[in-house]
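Below is one structure, written out as structure tokens; the observations come after it.
Each value in this text was obtained by applying a stated rule to the coordinates, not by laboratory testing. In this text the structure is predicted, and so the values were computed from the model without any measurement. For neighbour counting, all protein chains shown are included, and Cβ atoms are generated from backbone atoms with ideal geometry for every residue, glycine included.
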């Protein structure tokens, strides 16, 4: 295949890649945010969860929700990250694992930065949890993302969803496998989405988050993983593609 034809094919491939991995997720995120935050879908869902639990957050301190899925689940995500560190160290020492070094560095950075960005935004956005609000038994009036909060009102740290990001941060597995074992990428994505959903739903049932909080956490984790993939792994993956077509 001539070089210009190969370049054109790679260009079309990248265009399709970003259509599926950037523009479509971004469009879905915008629509979901409008429905949940502008059209009050958050409150509609939270109202029903709150009523289902007897007009209280009955699961707020429940063992399964608080101790197992929240505290232990968060620790398990941290333990998984720390377990990758010795694997990376081994790859630096064993020549046969050389091809795994960059992908492992990517996986460590992407999963860490995803949750770090969410944690940073939680401190900046100044939004409350459902359980803090008068509507759900708390003592605060609801203020949206861009609404002015009165001076003296206690700082809110509930948006985006930090616990859900402990699961969604592993979306980096999708791009990790895309660059190393493409057939496994859907398993990586399914694992991250599954854990993130379990963590997110648990927190919604406890009154800790609205659904939009999880949607934003998911998009932040996806965008961070995609950006780092572009910076760290995309060229390596393209080189493999060109080699296979040569």
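Does segment 132-143 hold any residues that are touching a helix residue (DSSP H, G or I) at 6+ places or on another chain (Cβ under 8 Å) and exposed (fewer than 13 other Cβ atoms within 10 Å of the Cβ), and which are they? The one that is touching a helix residue (DSSP H, G or I) at 6+ places or on another chain (Cβ under 8 Å) and exposed (fewer than 13 other Cβ atoms within 10 Å of the Cβ): 139. For residues in segment 48-59 being in contact (Cβ under 8 Å) with a residue 12 or more places away in the chain and surrounded by 15 or more Cβ atoms within 10 Å (Cβ to Cβ), which is nearest to residue 132 (Cα to Cα)? If we take residues in segment 48-59 being in contact (Cβ under 8 Å) with a residue 12 or more places away in the chain and surrounded by 15 or more Cβ atoms within 10 Å (Cβ to Cβ), then 57 is nearest to residue 132 (Cα to Cα). Just to be sure before I move on: is residue 147 over 20 Å from the mean Cα position of the chain (by Cα) and either part of a loop (DSSP other than H, G, I, E, B) or surrounded by 14 or more Cβ atoms within 10 Å (Cβ to Cβ) (or both) in the structure I sent? Yes: the conditions hold for residue 147.
Those residues that are in contact with a helix residue (DSSP H, G or I) (Cβ under 8 Å, 6 or more places away or on another chain) and either touching a residue at least 60 places away in the same chain (Cβ under 8 Å) or surrounded by fewer than 16 Cβ atoms within 10 Å (Cβ to Cβ) (or both), I need them from segment 85-103; list them, please. The answer is 85, 87, 90, 92, 97, 98, 99, 100, 101, 102, 103.
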